[in-house]
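The values are calculated or read from the model by the stated rules, or taken from the named source; none is laboratory data. These figures come from a predicted structure and were not determined experimentally. Heads up, the Cβs are rebuilt from the backbone with ideal geometry, glycines too, and the neighbour counts pull from every protein chain shown. Remember, those area values only see protein heavy atoms, side chains included, never the ligands or the DNA or RNA. Shrake-Rupley method; radii C 1.70, N 1.55, O 1.52, S 1.80 Å.
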Amino acid sequence: MRGLGGLAVGLLLAFLSAAFGVHIPPQLEQLPVITVHPPASLITLPFDDSFTLTCEAKGNPKPEFHWTRNGQDFNLDDDSRLIQHEDSGTFIIPKIRDLVKYQGTYRCYASNKLGTAVSEETVFIVPTSPKFPKEKIEPKVVNEGDSVILECNPPKGIPPVQLYWMTTGLQHIEQDNRVSMSLNGNLYFSNTMSKDSRSDYCCFASFGRIRTIVQKNAMAIDKKPNLLVPSDNQSQVHIVKGEELELECIAEGFPTPAIEWSKPGEKLPKRSNIKNYGKLLTISKVSEEDSGKYMCKASNGLGEALHYFHVHVEEPPRWVKEPVKSQVVTIGSDVHIKCHAAGKPKPTVKWMRNGKPFHGELNPHTSTVQGDTIMLLRALPNDSAVYQCEASNPHGTLLGTANVMVMNHPPLILTKDYQEYATVRGKNVTMDCKVFSSPLAAVEWEDPEGSVKKERFSIHENGSLQIHPAEAEDMGKYVCFAKNSEGSSSISAELFIKDPTRIVAPPQDMKVKRGSTARLECRAEFDQSLSEDFDVFWQKEGEDIYSNFTEDSGWVAKTLFFNVPDAPVNLTLLDHRDRSVRLHWMPTRDHNSPVTEYIIEYEENHWEPGKWRPLLRVSGNQNSAPLSLYGHINYQFRVTAVNAIGTGRPSKPSKRYKTPSAAPDRSPDNIKIEGHLPQQMDITWEPLLPVEHNGPGLEYKLSYRQLGVEETWTEQIVQRHSFVVKNTPTFVPYEVKIQAHNEQGWAPEPRVVTGYSGEDLPLAAPEDVSVEVLNSTLLRVSWSPVPQALLRGHLGGYSVHWWRTRSLLTSKEVPAEKQFLTLSGNRSHTMVPGLKPSSEYRLTVNVFNRRGNGPSSSPLTFTTPQGVPERPPVLKATNSQGDSITLVWAPPLEANGVLTGYMLQYQIFNETLDVDEANTVNISGRDTTHWVLHNLESNSQYKFYLSACTVVGCGPAISEEGGTERFEREYYKTLLHLLHLFIGVIGRVSSTGWFVGLMCAVALLTLAVLIACFVKRNKGGKYAGTVHADYRGHFGLPGGRITVLFESGVNECHSSPSGEVPRPP
């Protein structure tokens, strides 16, 4: 076979000194790579049960993991409380009391014999509960018209923190252009009025992530002056690119100053927004173009005050050129690892090799570090390692990783050998030949003719061969060769070319009458080797339809002219109001089925953007509808028409319509008050849906008080939908109400619900417990209910426990097996079934609530009387004679009293199930276990019933059947049957003399055996005879040799598979 010649493509690099990035096959040794880094920070929140520091890596050999904490080795095995994950470096810190001991900066290392990879740093934070300092705040005394500042100085805590001012009665301080809160939480009065004089100004700080709200001591204003912020003429502001810029300017003066914002020499950016009554300028997603000088001017006609903000927009590190993550280089080549990052201020770059700081000291003559670049000259295998760079500035850190493998390796073809490819004539086809090697290998292909010197053939850099387009003569076997300085390798592939499928007779346009039949034909040609996969599909207006296939590729379909309605058009919004709008639309074609209704849906772009929800359904004869809306929602609407056929496609969305903010329309529903623990009350409720917030800043005011005891309400402002009230009295009623609130105000006054605080175990046991033994197995027990005051919870019910201590018949103690009966609700008596007769028992009663069981009553001892015995376990009828039968039985397992004897009943019954009158025999003596019945009718079938008796009566009976002198008739029948068979056989083979003689001898011998057995049987004793296998089917007997035993009138048939005949005793 000839090579590729001019078309052969060498995948060698132009020069070997450069490294190349490549996927290393998993079967080769590989440096470790961190695949899952730990989080940048992990904050312990009070409602978390555990805290996970993740670290996963891959490599070959499998990496081993270790951690450092605050730069020191941190051995997970030294602390048994830490939970480690198998096959990874991930570990879990459980929630324990001294959690603060684990606080610090952690880093994960993954190592194998080739090198070490390092994860990003993670900070484990155990926050303390923030508190305002305890201080006595003197009242501020000012003159009317002067300005004043009430300082908040919130405590440090886990961000974000939300600050707000309220009174001690939890009423928000009203803010306007004269009174406002700054970004630092201080409350500023540009000038004071007499109505500002009060003694209960309170600053509240809410830390959402740790679910904590703290309150500063109340402050008072009685009158005095002070300066406002910013106090200097100019200030420097540093902000990170992409964040929101906030510039605040609050001035004093009377009349109240007006605030103006500008950027000297330029216009304010379009993303600017002025808030807080003109005192706050915000610019979202700042960029470098937003840097510069901004001016705030406060004026009131008597003068003006200016302040300049010098804004510097900075940015965290970002990659200009990130290191190649995986590099394979040949031995002796040069390697350049560049870690180019940009940022403001300019990032500093630090290098690590296998997790340790690296400054080029491995081989000073061949490895150097120059700022953001490592150069490895004439690299050797020991230069293989995990190289990592950290680019950092005050705003963040980037971690880049380059796994460098210095190695020479012969070509390893990753594509499977003997692959089969198939394409259609005229289409393109690509056959793969992916190769791993170092240095890179040259790849060549050969076809069945030994050459691929054709314009239609091209070899890509990844080694694959592409034929474009493929022709019939291209079918055959191809071979891919890969070769470098270390060796060579090859694989083969086979290409199949198929004829294309094409429609030779397409359907033609037709005009038909409504309701008539239309025949559309479609004929196609295709490769016959694909006949099993060939199929024909029809579509109508882009949708698949069902059709009846015929042998000549024709389809018959009855024309239908009904369809779902088209989508309405021209949606317009009319009659705009704050909480409503009228939607108008224009109907379109209904496709011969009238529209029955329209479905109006809405979508909003804040809470669930892109999700359409139903809003209203209106009759099909309308083309407009008024829509009631929620506040602070940016709506758009669409309309869908429905007819008897189905639901059509929705219309195009209308223009958006944003409603203004409003107070909530309602407060939460489904308030549940439960007490899972004593001295605690858990309150939960169903929160408002996001669209029901009607505005930003939704929160709930929870009010509760003890019913009939407290007059004033205890109030809490919460943002979640649950709250736990601590230190409550056990199981007392409370009144609870929950009112929704947002920045626009309060929802209507909520309804009051009543519930109970936490339950505890009942304190008392039921009293006056008494029992009444109704019979030997049934008991009635009664008691006095436990008073409600001692229940300490919702009554669950009562439990009755009883256990057997001994039997009165044997006076022996029995193992205590407690049984119980649970009764729900307020009960004072019950029936206890299933007792054992003639026994001693003990019984207790206790009450229970949702918390658990109360104490049991004092054990009450009682006994049960004798009962009737159980059914005897065995009854057998044996030794049948002409007029007598012997009955044998076993005594009952449980006599349930003193056994006095037995009652035996028997009666004749025949094959028609007619029965005679029963005869009764009373058998005295508890030890009697057999009985002979005389004077029975011969040749009769009897049924026997036996019951055991005590002084109380007789128990259930066991039954058995038996007969007198019944077996003789069976022998006669058997004898006659054998003779009949014998005569039949002789008739069929009468022409064969020897056979006739043989059969006569067999018949005479059989007859002699039966007569002898019959005679012996009448004389008593036990004898055995066998029935020949040829006659088993005539008697309906099972397989194997059949043995018939005759014993003094007792007929027994036994199957003896071994063929042995039992000997008589």
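Brief remarks on what is shown
- Judged by the mean number of other Cβ atoms found within 10 Å, the most tightly packed of the peptides 372-378, 500-506 leads the ranking 372-378, 500-506.
- Accessible area (Å², per residue) of the stretch 413-474, counting only protein heavy atoms and a probe of 1.4 Å: 51
- Each residue of the stretch 67-79 is assigned a 3J(HN,Hα), and the resulting list reads 10, 10, 10, 6, x, 10, 4, 10, 8, 5, 5, 6, 10 Hz, derived from the Karplus form 6.51 cos²θ - 1.76 cosθ + 1.60 (θ = phi - 60°), x at Gly and Pro.
- Normalised contact order of the stretch 313-396, rounded percent, pairs of Cα under 8 Å and 6 or more residues apart: 39
- Förster radius 22 Å - calculated FRET efficiency between residue 676 and residue 828, Cβ distance, rounded to 0.05: 0.15
- For the set 113/344; 195/293; 131/726; 275/737; 95/356, the pairs lying more than 28 angstrom apart at their alpha carbons are 113/344; 195/293; 275/737; 95/356.
- Per residue value of the accessible surface for the stretch 740-814 (all protein chains in place, 1.4 Å probe), Å²: 50
- Scaling the Cα radius of gyration of the stretch 795-876 by the globular reference 2.2 N^0.38 Å produces a ratio of 1.37.
- Percent of alpha-carbon pairs separated by more than 17 Å within the stretch 281-353: 67
- Principal axes of the stretch 94-186: Cα extent on each, largest first, Å: 79, 31, 21
- The packing ranking of peptides 230-237, 25-32, 844-851, 766-773, highest mean first, is 844-851, 25-32, 766-773, 230-237, where packing means the average number of other beta carbon atoms within 10 angstrom of each residue.
- Using equal-weight Cα scatterers in the Debye expression, the normalised intensity of the stretch 446-533 in log10 at q = 0.18 Å⁻¹ is -0.93.
- Three semi-axes describe the equivalent ellipsoid of the stretch 607-698; taken as square roots of 5 times the Cα gyration tensor eigenvalues and ordered largest first, they are 37, 18, 12 Å.
- When the alpha carbon coordinates of the stretch 832-937 are projected onto the principal axes, the ranges are 74, 34, 20 Å, largest first.
- Entry comment: accessible area of the stretch 51-178 is 57 Å² per residue, from protein heavy atoms only and a probe of 1.4 Å.
- Heavy-atom accessible surface of the stretch 883-960: percent carbon and sulfur, 1.4 Å: 48
- Using the Cβ-Cβ distance between residue 531 and residue 922 with R0 = 60 Å, the FRET efficiency computed as 1/(1 + (r/R0)^6) comes to roughly 0.10.
- Heavy-atom accessible area for residue 73, with the other protein chains in place and a 1.4 Å probe, reaches approximately 130 Å².
- When the square roots of the Cα gyration tensor eigenvalues are ordered a ≥ b ≥ c, the ratio a/c for the stretch 387-481 is 1.5 or more and a/b exceeds b/c, which makes its shape prolate.
- By the Kirkwood approach, averaging reciprocal distances over each pair of separate Cα atoms, the stretch 436-480 gets a hydrodynamic radius of 11.6 Å.
- Placing R0 at 30 angstrom, the Cβ-Cβ distance between residue 129 and residue 72 gives a FRET efficiency of 0.55 after rounding to 0.05.
- Label-reachable residues, the stretch 871-888, where backbone N falls under 19 Å from a point 7 Å from residue 959's Cα toward its Cβ: 871-878, 887-888
- Highest mean first, the peptides 344-357, 919-932 sorted by other C-beta atoms within 10 Å per residue fall in the order 344-357, 919-932.
- Rolling a 1.4 Å probe over the protein heavy atoms of the stretch 399-546, with every protein chain left in place, gives an accessible area that is 47 percent carbon and sulfur.
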